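Q: Handing you a structure now.
Any read-out appearing in this document is the output of simple, stated calculations on the displayed coordinates, not a laboratory observation. Keep in mind that what you see is a predicted model, and the values were worked out from it rather than measured. FYI the Cβ positions are ideal-geometry reconstructions off the backbone, even for glycines, and counts take in every protein chain you see.
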Amino acid sequence: MKVFSPFVSLPGLRDEFPVLGAAAYLNAGTDGPLPARAAHAAERELERELGEGRSQAHFERRRELTDALRRAYAAALGAQPADVALTTCTSEGIAQVIGGLELGPGDEILTSDEEHPGLLGALSAARELRGVSVREVPLGALASAVRPHTRLVACSHVGWVSGSYAPAELAQLEIPVLLDGAQGVGAVHVDVHALGCDAYAGAGQKWLCGPDGTGMLYVSPALRERLAVERRGYANLADPNDGLDARVHPDARRFDTFSLGAETTACALASVEVLSSAGWPAVHEHARTLAARLARMLAEQGRKPAPRGETTLVSFPSPDPPAERAKLAEHGVIVRNIPGRPWLRASVGAWNDEADLARLVETLDR
Ligand SMILES: Cc1ncc(COP(=O)(O)O)c(C=O)c1O
């Protein structure tokens with residue numbers, strides 16, 4: 001077993017991220033820091049395209065890269081690659097599941113009262129365009145709030161506002177559960193089977209430190225068969241040359257986004273590899289421990305964080321969040337404010353160290 005002190009960097013990991021030389025970067029809940037290796041992987045693909053053009057070999061290369069990325073994402077989710085689609089972001093996967101259920105008047109979707117627009121957008125579309133009713137309850141109350149006409153529970157795995165976990169009891173429900181994993185995958189341990197969810201949508205650009213325009217969607221084989229796939233094109237058809245008789249892929253590739261560039265895919269793959277080669281258990285443990293430490297440091301400073309789970313997000317009160325966020329940024333500390341709440345939110349990753357936390361707390365004090 002690897003032994004490490006929770007208050008120093010994981011060996012070598014911090015050096016992978018150039019931005020950490022310039023700032024206490026505590027903003028992976030928005031977009032993770034990009035590893036240099038990932039940027040170089042993208043550059044290499046573009047160089048190849050410059051030199052070789054983009055003909056059959058290019059499309060074979062894209063296929064090779066998407067297969068590898070699907071395997072890497074599946075490993076991060078504890079899923080089979082055949083059950084994982086490649087998307088461009090969390091919101092895209094969420095929209096595919098909610099739209100694909102083809103719910104209508106008389107059906108209800110149950111959600112929590114602390115969801116992100118990435119989920120709320122798809123819920124409002126179901127309500128406005130299909131007449132589905134949407135009910136919001138506190139995250140912790142979801143499992144007991146299901147009613148006979150509830151067709152889906154859709155909520156965060158880890159809430160973006162304060163970093164609370166979805167209740168474990170959701171695994172016992174008989175109706176489908178869709179988890180928004182934007183603040184989950186890469187940040188905390190994810191095993192879609194242990195979570196008992198039927199669908200899990202995640203981001204490549206946040207806790208997996210990939211480029212913008214990457215994401216994943218796990219769908220269980222049982223739910224897959226129940227979801228209509230309205231969006232069809234070359235990329236998600238089993239045999240696109242069958243014309244009007246073409247059928248979608250038999251596995252989760254039916255939910256794939258239509259086009260992912262080689263440079264984006266290579267960049268995403270390299271960033272996941274940087275993290276996975278440090279070891280997922282160590283990555284999760286280091287981030288979780290540092291985040292808990294930051295929560296204690298803030299409480300000692302009179303900035304007691306909002307109630308949170310053992311996750312990587314720490315939201316804490318600020319007298320003027322946008323102004324304080326700007327002040328912190330001037331001093332090289334990158335966090336965000338949460339709209340509509342009197343809080344700043346720090347995202348603590350395995351790449352951070354105790355000096356980053358100290359820099360945040362000291363700058364707050366100035
Ligand atoms: C909980 C949650 N869901 C969804 C999203 C949207 O993510 P994406 O840009 O990957 O669609 C975010 C982004 O911050 C989020 O925090």
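Q: Taking the Cα centroid of segment 163-242 and of segment 339-353, what is the distance between the two, rounded to the nearest whole Å?
A: What the calculation gives is 24 Å, centre to centre.
Q: In Å and whole numbers, how far do the C-alpha atoms of segment 1-137 stretch along each principal axis, longest first?
A: So the three principal-axis extents are 53, 49, 32 Å.
Q: When the Karplus curve 6.51 cos²θ - 1.76 cosθ + 1.60 is applied with θ = phi - 60°, which whole-Hz ³J(HN,Hα) does each residue of segment 304-319 get, with x for Gly and Pro?
A: Those phi angles translate into 4, x, 4, x, 9, x, 7, 10, 9, 9, 9, 9, 9, x, 9, x Hz.
Q: Pull up all non-local amide H partners of Asp107: gap of 5 or more, or a different chain, and H-to-H distance under 5 Å with H placed in the peptide plane.
A: Ser133
Q: Suppose we keep just the DSSP beta bridges with both residues in the chain; what percent of those would be antiparallel, to 5?
A: 50 percent
Q: Quick one: Karplus J couplings for segment 231-240, per residue in order, coefficients 6.51, -1.76, 1.60, θ = phi - 60°, nearest Hz, x for Gly and Pro?
A: 8, 10, x, 3, 6, 10, 9, 5, 9, x
Q: Taking the Kirkwood radius as the inverse of the mean 1/r across Cα pairs, report the Rg/Rh of the chain.
A: 0.98
Q: Where in segment 87-157 are there GluC sites (Glu not before Pro) that are in a DSSP coil and have at most 15 other Cβ atoms within 10 angstrom of their Cβ?
A: Sites meeting the loop and neighbour criteria: Glu102.
Q: Can you list which of the GluC sites (Glu not before Pro) found in segment 193-270 are DSSP loop residues with at most 14 other C-beta atoms within 10 Å?
A: Here the sparse-neighbourhood loop sites are Glu225, Glu230.
Q: Another question, then. For a quick check: with amide H placed at 1.01 Å from N, whose amide H comes under 5 Å from Ala28's, ignoring anything fewer than 5 positions away on the same chain?
A: Ser347
Q: Right, here's the next one. Non-local amide H neighbours of Thr87 (under 5 Å, H modeled in plane, Pro and chain starts lacking H): which ones?
A: Correct list: Gly215, Met216, Leu217, Thr257.
Q: How big is the charge dipole of segment 60-129 about its Cα centre, in debye rounded to the nearest 20, if each Lys and Arg gets +1 on its Cβ and each Asp and Glu gets -1 on its Cβ?
A: About 500 debye.
Q: Treating only the Cβ atoms of Lys and Arg (+1) and Asp and Glu (-1) as charged, compute the dipole magnitude of the chain about its Cα centre; round to the nearest 20 debye.
A: 480 debye
Q: Anyone know which of Asn337, Asn241, Asn27 comes out most mobile in the 10 Å Cα GNM of the chain?
A: Asn241
Q: Let me ask something additional. For segment 145-150, just list the computed ³J(HN,Hα) in residue order, Karplus coefficients 6.51, -1.76 and 1.60, θ = phi - 60°, integers in Hz, with x standing in for Gly and Pro.
A: 9, 5, 10, x, 9, 6
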